[in-house]
Each structure stands twice: as structure tokens, then as C-alpha cells.
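Everything on this sheet refers to the single structure shown next.
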Amino acid sequence: MSNPVTTPQYSQVPVPPLPPRQRSFAGPIVLIILGIVFLLGTMRVLSVGKLAHLFASYWPVLLILWGVIKLIEHQQAQRHHTRASGIGAGGVFLVVIIVVFGLIANQMDRVNWSGLRDQIGDDSDFPNIFGQSYNFNDNLEQAFPADASLKVIDNHGAVSVHASDDNKITVVVRKRVSADNQDDADKYDRESKPTITAIGGLVTVDAKTDAGGDHSIETDLDISIPRKSTVSITSRRGDVNVSGRAGNVDISAQHSDTSVDDVTGNVKVSQEKGSVKVEQVTGDVHLDGRVNEVSVSDIKGSVQLDGEFQESIKLERIAKTVTFKSSRTDMELSRISGSLDLDSDELHAEDVTGPLHLTTRSKNVRLEGVSGDVRLQDDNGSVEVLMHVLGNVQIDNRNGDVQISMPDKAGFRIDARTRGGEIQSDFPELKVNNDEHEAHASGTVGNGGSHIVINNEHEGIEIRKASATPPVPPVPAKPAKALPPPKTDVQPSEN
């Protein structure tokens, strides 16, 4: 018979209570330091810009201070045989906040805020970041060498160049400096004094707007020089105006409204954003870049436009060849006696002389008073051509009606074809055959001196007499444009 199993009995030994945990002073000390710094900011002892710079540069010091305090507390706890305080949820949260905001502030401190403000274009958008604005005026004057050229460098500010009554160069300076106080503004003003340098046949005016670093300096220059001098201007931001020149004008600009008038030499403008207006030029005009609005008028030479023009182009009274090239439109014609208007949806010209070559897409085309040969190709738009002096004409179109009006007593032979549309004619001499799927028109009128070829897809063709074409009603003055509804995902069309 087995012995019964007995459970051993243990005596209960009392466990001594844990020593009390000491409270940590790391969090309060860090908060006190931050509070003192921000108090200095609210008392205007330190500027907001300096506070941001200090925090962006030295925020890791707060973590180092936190760690030193925790190490001291741990050593004290060992000496007194107590438990050191832990970090706790609040401490973890504060450390995370310091790290996150410190990294963000460090990255923001590396941003060129002056350049960013230039991109946005309104100084009032960031008044607390860029400080107050202080104004300074200056006046420079010296002799201008005979037959010398002028070069202007102004990365932030308006530039105006006009003719002087003497053989001197005069520069009127109007400067705006963003700074935290008057002493800093005076310092930046001294460091950014515009200079005039003459080397050989080149006189250079430098606005020195980059001398302030991240502090914005905007300098407007009003320059008077002898009329016959050539002018070259480099501007990153600011309006440019040049008038009264007997030499060439070369402008490179960004974010500018550029105006050039009364020039007997050639004009070249390379620009990104803004508008360009050129008028009363004896020489040639060349414009390239990406510009919102272009107006060119009263040019005795040729005009060449290369780039992307997002809103409107207006050309008037161009005596020689006009060339236009963009991603959507390729055009060349011999002369514009009237006007040509071009925007994202339409091209309208009056009194133009060929040979005219036009290739475009997604645009309604109307040409009135055309003289000479015409070669036109369009997609997804209507085409209307009213001939004044008939030459050889070829029109190729898709997804849009084609109408051509012949001058009275004109002689021509025609070959016209369309699929998915009909052909209508005012000339009984022409043979028109409108089949179910394809229509044809052919024949000769008068002496048949000009050859007309029209090919169309999916729409009709009209062959009209000019005397039978109703006059175009005058275009009323355009009212002020209403603001369009906001578009968040649609990019602006380009010509």
C-alpha cells in the first residue's frame, strides 16, 4: 500500500516594498528653455526669422540636454538606492514632437525663400517671414563712351531704358529691402549698391540684388543713355521697358511684362511667363520662350515667334515674312497688312499675303482678304478662306467644315473631295457629285489659271462666290472677361 503524497508547505516571506520612483526634471527644463526662447520672440528681442533659424540649426541640443538630465538622474538614483524615473508617455510624445518639428524646420531653413517669393510674385504673401520692407533711393551718373553698348543685370526689379539728351548714363535707383530692423536694412543696402562698369565698348549696370542672400532686395532701375546705343537686359523678375533706341535690343526675362517700342534696330526677346508687347520697330523681331500674351505691331522687318503661347497672340501690320512655330501650330506668310489674332481655339486673320503655309490642329481658322498661294492643314476645326487675289490653294481638313470664297471674275480649276459630308457650289461650271459616302467636285471656271485642291474628312465643303458671301458683321468691343470657374486638373491650352 503506497504512502499518500503530501504537499510541502512553504513559509510566507514578506517582500520589501520597492523604493519610490523619483520624478524627472528633463521635460520641465526643456519646456522652460523653449518658453524663454519664444518669450524673447514675443518681446521682439529676437525676430521670428531668427527664432526659426535658431530652432532649425540647434534643435538637437534639446535632445542632448534631455539625455544629460536623464543620465544625471540615473546616477543619483543609484547613489540613493532609489529607482530612476522613466521617460513616460508624455516624455516620448515631447521627444517625437521635437524631432519631427526639428527636421521640418531644418529643411525649411534650406529653402531659398527669396526665390520662392519671386516665383509666387506677391511680397505681401509672406510679411512675417521676410520681415519689414525698407525703401532706399540712389542716383548714379557718369559719361557714356561713344559707340558703347549697355548691358543691364537686374534679377529682381523693374528695368526701364530710354533715350537721354546728352552723352551720359543716368541711373535712378529705387530699392526695397526686406529686413528685421533698420540696422539690418542699412547693412543690406550698403552691400547691394548698384554699380556701373565700363570696359572697352561695354557698359554694365548691375543691380546687385543677390547680395542680400535670403533677404529679399528688389531694385528698380530707370536708365537714360544715348539713343544710338544697343541694349542688352537680363531680368529674372520685374517688368522691362525699352523705348527710343537706334540700335539693337536684346532682352532675356522671366516673370515679366515686357514692352519695346520706337526701335530702328532689331529686337530679340527670350522670356518665360508674362506678356510681351513690341511696336514701331524698323528691323526684325524675334520672340521665343513661353509667354502668356504677345502683341506685335507696326514692324517694317520680319517677325519670328518660337515657343508656347498660352493665351493670345495679336500681330498687326507686319511688312515682311511672319514665321510662327509652336507645338500645335506651324505658320509662315509673306506679309500682314491687316491683323492676325491667335488663341488656343481660333486663328483669325485679315488682309494677309501669301504664300501662306499653315499647319495646326484643334483650331477654327478664318482667313479674310488672302492674296497669293495658300497651303492649309487643320484637324478638329472648321476652315474658312476668303480670297482677295486668287493663287494656288490646297486645303486638307478633318472633322470640320471647309468654306472657300473666290473673288469675282477669278479663273481656276478645282478638285474637291469629302467623305461623310456634302459639297455645295455657287459655280454652275463645276460638276458636283454627292454620293452616299463620298462627294466630289471638279471643273474649270474662267481661264483656270489657279489650281484649287480641297480634301476633307467627315464634314462638308462649300465653294462660294465672294459677291454671294454675306459680309462679316463687325466684332463688338469685348466686355471685361468674367472669371472662369476654377479648374483643378485641367492644364491651360497652348497655341
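The values are calculated or read from the model by the stated rules, or taken from the named source; none is laboratory data. Not measured: the values here are computed from a predicted model. Cβ sites come from the backbone with ideal geometry, for glycine too, and all protein chains shown count toward neighbours.
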Checking SER450 against (1) surrounded by fewer than 17 Cβ atoms within 10 Å (Cβ to Cβ); (2) within 28 Å of GLU346 (Cα to Cα): exactly one of these is not met. Which one? (1)
Between a residue in the range 447-459 that is under 17 Å from VAL385 (Cβ atoms) and any residue that is part of a loop (DSSP other than H, G, I, E, B) and among the small types (Gly, Ala, Ser), which pairs come within a Cβ distance under 6 Å, given they are 6 or more apart or on different chains? GLU459/GLY400; GLU459/GLY421
Only one of these is among the β-branched types (Val, Ile, Thr) and touching a Leu at 6+ places or on another chain (Cβ under 7 Å): VAL281, VAL296. Name it. VAL296
Residue that is part of a strand (DSSP E or B) and either touching a residue at least 24 places away in the same chain (Cβ under 8 Å) or under 26 Å from GLY338 (Cα atoms) (or both), where the choices are VAL385, VAL432: VAL385
Checking VAL285, VAL291 in turn, the sole residue that is surrounded by 24 or more Cβ atoms within 10 Å (Cβ to Cβ) and farther than 21 Å from SER334 by Cβ turns out to be VAL291
Within the range 357-376, restricting attention to residues that are of a type in the set (D, E, K, R) and under 17 Å from PHE324 (Cβ atoms), which residue is surrounded by the fewest Cβ atoms within 10 Å (Cβ to Cβ)? ARG361
When the range 353-382 is checked residue by residue, the ones that are polar (S, T, N, Q) and in a strand (DSSP E or B) are THR353, THR359, ASN364, SER371, GLN377
In the list GLY381, GLY354, which residue meets the criterion of being touching a Gly at 6+ places or on another chain (Cβ under 6 Å), under 24 Å from GLY448 (Cα atoms) and either of a type in the set (Phe, Trp, Tyr) or modelled with pLDDT under 95 (or both)? GLY354
Return yes when ILE423 is crowded, with 19+ Cβ neighbours inside 10 Å, in contact with a Leu (Cβ under 8 Å, 6 or more places away or on another chain) and under 15 Å from GLY460 (Cβ atoms) and no when it is not. no
